[in-house]
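Engineer: This is the structure, below, for whatever I ask next.
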Amino acid sequence: MNHLLHQISWHQYLTVALLAAIIYYLFVILRFYRPELQNLQRHISGDQPGEQLQALQYRADEEATEAAPVHGQTEEPYHEERITNTDILKGKLKACIIKAADKPFAPDLLIPRLKKILQEYQDIAASERPAINYLVVNECERTGTALLTEEEVDQWWER
């Protein structure tokens, strides 16, 4: 064991240690101080920030701009969707379930709240109810607040 390091001189050891330290610090500087190095390089070379990027910016030709077709002003670029009672109901149900997910497991407290919300929206079309029932069951299962079936939720619509 005493003869293991006798082949390496102190000069060789210190040279390798110095090279390893230089490589390490170069990596750290390049990895973590790149913006500062770029600013320093710009300062030394006398470039203004963004001067190099100005050549890459798009400049529209005046002829191309004039020749571009103008959209009719009667055309509406965006049609807003109407928010329906069904959307509001879905939002309230999701909010109620998410709020219950932050508390200890208590389906006995959650179910009456969900029933109350559903009964407030009795005017929802019967065709929308299966989707809402599925939403309630799926959200409760996803958050772990209650284990329900769609049939159970469907019964909550009646007063």
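Engineer: How do 9, 45 stack up against each other in accessible area, from largest to smallest, with a 1.4 angstrom probe? Before the final figure, lay out each step's value.
Structural biologist: Values: 9 50, 45 75 Å².
Accessible-area ranking of 9, 45, largest first: 45, 9.
Engineer: Roughly how many nanometres apart are two label points built 7 Å out from the Cα toward the Cβ at residue 28 and residue 82?
Structural biologist: Taking the simple label geometry, residue 28 and residue 82 are separated by 6.5 nm.
Engineer: Still on this model: Where in segment 102-134 does the label zone of residue 152 land, with the point 7 angstrom along Cα→C-beta and an amide N cut-off under 20 Å?
Structural biologist: The answer is 102-120, 129-134, whose backbone nitrogens lie closer than 20 Å to the label point.
The values are calculated or read from the model by the stated rules, or taken from the named source; none is laboratory data. In this text, all values refer to a predicted model and were calculated from it rather than measured experimentally. All Cβ positions, even for glycine, are placed from backbone atoms using ideal geometry, and neighbour counts span all protein chains on display. We work out accessible area using only protein heavy atoms, side chains counted, and drop any ligands, DNA or RNA first. Shrake-Rupley method; radii C 1.70, N 1.55, O 1.52, S 1.80 Å.
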